[in-house]
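Single-structure report; data block below.
The values are calculated or read from the model by the stated rules, or taken from the named source; none is laboratory data. Here the structure is a predicted model, which means the values were calculated and not measured. Glycine gets a Cβ as well: all are built from the backbone with ideal geometry, and neighbour counts include every protein chain shown. Surface areas here come from the heavy atoms of the whole protein model, side chains and all, with no ligands, DNA or RNA. Shrake-Rupley method; radii C 1.70, N 1.55, O 1.52, S 1.80 Å.
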Amino acid sequence: MSSGYSSLEEDSEDFFFTARTSFFRRAPQGKPRASQQDVEKEKETHNYLSKEEIKEKVHKYNLAVTDKLKMTVNSNGIYTGFIKVQMELCKPPQTGPDSGRPAPSGNGCMNTLHISSSNTVGEVIEALLKKFLVTESPAKFALYKRCHREDQVYACKLSDREHPLYLRLVAGPRTDTLSFVLREHEIGEWEAFSLPELQNFLRILDKEEDEQLQNLKKRYAAYRQKLEEALGEVWKPD
């Protein structure tokens, strides 16, 4: 286990790597799953929180903090704080040759990031990869939130536009209620993509298939022409 600290407070770039939000049950059958409607409700709440509501929530959050990792509200309503992200990687990612840092492994090492409420999931992924000087594309990784409800555990893949610090604020500081996990996309994991993205893949495949068919037809047309010309030379009357 290792612990690290990074800051995203001054990072203002946006990165967009879309992933479908999905839930996976790890509990006995018969209990209702969290729905997509619940996720959308969380997003709407984030968009309409007033400055007063933010201050109240941050105050209650800080009262419950036990590890001194408190949140701070700025005058413009943006708040900053800490999230912990567990690394659950199947294999060590590629790093630069002169990074001087060990690549994060799949042993569940925990990293602490100082971020603001405006930072997105994409920026958090980018910051984690930069910390270890990982050269692989952020598109190969996804951030999950792990929710504990009664005797069930839900692993929810977050979209790139979501704000992890808001999720932390709403859930409270207890990591046994909500935790964040970084994982890589598995090869062939079509669940990671939205319906429009999958439809776009099909359009691309259809286009490539059509191009291949056209090239094949041209090749056989050229071959047929040469064959007919050769036959014409053979049967040409003396």
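Does N215 qualify as being part of a helix (DSSP H, G or I), modelled with pLDDT under 90, open to solvent by less than 90 Å² (accessible area, probe 1.4 Å) and among the polar types (S, T, N, Q)? No: the conditions fail for N215. Candidates are the residues of region 142-187 that are under 14 Å from Q86 (Cβ atoms) and hydroxyl-bearing (S, T, Y); the one that is most open to solvent (accessible area, probe 1.4 Å) is T175. The residue list R161, R168 contains one member that is at pLDDT 85 or above, under 19 Å from the mean Cα position of the chain (by Cα) and assigned to a loop (DSSP other than H, G, I, E, B), which is R161.
Would you check if there is a residue in region 40-47 being at pLDDT 80 or above and of a type in the set (V, I, T)? No - not one qualifying residue is present in region 40-47. Of all residue pairs spaced 6 or more apart or on separate chains, those with beta-carbon atoms under 8 Å, a first member in region 53-79 that is more than 14 Å from V170 (Cβ to Cβ) and open to solvent by less than 70 Å² (accessible area, probe 1.4 Å) and a second member that is among the hydrophobic types (A, V, I, L, M, F, W, C) and in a helix (DSSP H, G or I) are V73/I54; V73/V58; G77/I54.
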